[in-house]
Amino acid sequence: MQNRKKDKTMETICAIATPSGGALGIIRVSGPEAIAITSHIFKSKGKTPLHEKKSSTLTFGNIIDPQTHEVIDEVLVSLFRAPHSYTGEDSTEISCHGSDYILHRVMQLLLQGGCRLARAGEYTERAFLNGKMDLSQAEAVADLIASTTEANHRMAMQQMKGGFSKELRQLRDQLLHITSLLELELDFSDHEELEFASRPELLSLAQKIHNHIQGLCQSFRLGNALKRGVPVAIVGETNAGKSTLLNALVGEERALVSNIHGTTRDTIEEAINVGGTLVRFIDTAGIRETDDTVERMGIDRTFAKINEADIVLWLIDLTAYREQYTALAPSILPAAQGKQLVVLLNKQDLVDASTLAQAQAYLNEQLTTAVSSLPTFTLLSLSAQHNEGILQLRTLLSDTLAQLRQEHSSTGTIVSNLRHYEALSSALIAIDRVIDGLNQGLSGDFVSQDLRECIFHLNDIAGEVTTDEVLGNIFKHFCVGK
C-alpha cells in the first residue's frame with residue numbers, strides 16, 4: 001500500500017468536476033505542484049499572490065495564458081493546503097464560467113503547466129490512500145453521487161460519515177481483545193494452570209460479535225433493495241386489473257391493457273419514488289390453469305418474482321372475489337410467507353356498498369385464519385381504472401417501506417454494498433468457528449487463528465488489506481472529477 005501511495009501522489013492531476021452546460025464550471029487540481037501550477041496561470045486582483053495565501057481561502061482574479069498574456073476568464077480560486085483538503089494533498093478549485101471553450105482552455109493551460117488528466121475516481125482514491133477516509137467511506141461517496149431517493153441518500157451519508165466504519169472498529173477491537181488474551185496464554189504454555197481468559201466470558205463476547213455481524217448481513221437484502229429498488233410484485237388472476245394498476249401507479253401507459261385474458265405473458269418492471277424510497281413494481285402474468293406453453297412460462301416467472309419480492313400486491317376482482325380467493329390462496333399464500341402481503345380488492349366501481357362490505361368481511365376472515373404465519377396483511381379496496389384508492393395505496397406502501405427499514409436496521413447500519421456483504425459473510429463463518437472451538441474446548445492457538453481470519457475480513461471492508469486490483473475495480477466506476 002505504501003508503494004502505491006507514493007506512486008499515485010507524485011503527480012499533480014486536474015479534471016473538470018462539473019457537467020457540461022451549466023452557468024458555472026469547476027476545475028479541480030490536486031498534487032504536490034497544484035498551487036504552483038495554478039499560480040502560474042492565475043493573477044490575483046488583490047495584493048497577495050495565490051501561492052502566499054493561507055489554506056481554505058478564496059481569491060478573485062483572472063486566468064491568463066502565460067505565453068500570450070490573454071485573459072481567459074474572471075474566476076474564483078479556492079486554495080487548500082495539505083493535509084486540510086479532500087485528497088489530503090495541496091489542492092485548488094477553479095470556479096469559472098461554464099462555457100465549454102473556457103473550461104477546456106483552462107484545462108489546456110494546466111496540462112501545459114505540468115498536470116495530467118485525472119482518472120475516474122482518482123481524487124477519492126487519493127483521499128483513501130492519504131488516510132482521509134477508509135475504503136467503505138470512499139465507496140459511499142460514489143453511492144452519494146448516484147443517490148436518487150431519500151433512502152439512498154440517508155444510507156450513503158451514514159456510511160460516508162463513518163457510522164459503519166465505527167461499528168467495524170468496535171468489532172475489531174473486541175476481537176483483538178479476545179485474541180490477545182488467548183495468545184498471552186500461549187506465551188506461558190509451560191504453565192498449563194494459567195488461564196488469562198475465562199472461556200465462558202470469551203464465548204459470551206464471541207456470541208455478541210456473531211449476532212452483530214449476522215444483523216449486518218441480514219440487512220443486506222433491504223440495503224440492496226433500497227439501492228436498486230424495493231421489489232413489489234403485482235399478482236392475481238388474469239384480467240384482475242394488474243396492468244391497469246401498474247399504469248395507475250407509475251402515471252403512464254407502461255403495460256398493455258386488454259379485456260382478453262392472458263395478455264401479459266412476461267413480467268414488466270417500472271421503478272418510481274414512493275415516500276423517498278425507490279420501488280420496483282413488477283406486473284406479472286395472470287395466474288390460471290392453461291395449456292398454453294408460453295403463458296405457462298409467464299406464470300412460472302410470476303412465482304419466481306413473488307419469491308424475490310419484499311411486498312406482494314394480490315389483486316382480486318370484486319365481481320368474483322370468492323372464486324378468485326379460493327382458486328389462488330393455496331398457491332399465493334405459501335409463496336408470500338415472510339413477506340408483506342397487501343390484498344387489493346379491485347373494481348370497486350362495479351359493485352355496490354353492500355357487496356364491498358361482504359367481500360371485505362369474507363376476505364378478512366379467510367386471511368386471518370390462513371396467514372397467521374405471515375408478518376402482516378392489509379386489505380384495501382380500489383378502482384385502478386378510475387384511479388380511486390391509488391393515493392391510499394401509495395401511502396400504505398410508504399408506511400410499509402418505513403416499517404421494513406426500521407425492522408432491518410436494528411444495528412443502526414444497513415449494508416448495501418455487495419463487497420461488504422461478502423466480507424461480512426466470511427467474517428460470520430470465521431466467528432462461528434471461534435464459537436465452535438470455544439464450545440469444544442480447543443486450544444487457544446486454533447481459536448486464535450479463526451479470530452484473526454475474522455479480523456482480516458473486517459479489515460478488508462475498510463481497505464486495510466485490499467489489493468491494487470480491488471482498488472482499481474472500485475474507483476474505475478466513479479465519475480471523473482471525484
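The values are calculated or read from the model by the stated rules, or taken from the named source; none is laboratory data. Being a predicted model, the structure only gives us computed values, none of them experimental. The area values use the complete protein model at the heavy-atom level, side chains included, leaving out ligands, DNA and RNA. Shrake-Rupley method; radii C 1.70, N 1.55, O 1.52, S 1.80 Å.
So, for segment 75-221, what is the accessible surface per residue at a probe of 1.4 Å, expressed in square angstrom?
For segment 75-221, the per-residue accessible area is 46 Å².
May I ask you to give the percent of accessible area on segment 1-153 that is carbon plus sulfur, with a probe radius of 1.4 Å?
After summing per-atom areas, the C and S share lands at 54 percent.
What are the ³J(HN,Hα) couplings of segment 312-320, residue after residue, when phi is run through the Karplus curve with 6.51, -1.76, 1.60 and θ = phi - 60°? Round to Hz, x for glycine and proline.
10, 9, 9, 8, 10, 6, 5, 6, 8
In nm, what is the difference between 0.36 nm times the number of residues separating D352 and E323 and their Cα-Cα distance?
Result for the pair: 8.6 nm of gain on full extension.
Compute the distribution of all C-alpha to C-alpha distances in segment 1-115, in bins of 5 Å from 0, and list the percent of pairs in each, rounded to whole numbers.
Computed distribution, short to long bins: 2, 12, 24, 25, 20, 11, 5, 2, 0.
From Cα coordinates alone, what are the radius of gyration and Dmax values for segment 75-214 in angstrom?
24.0, 79
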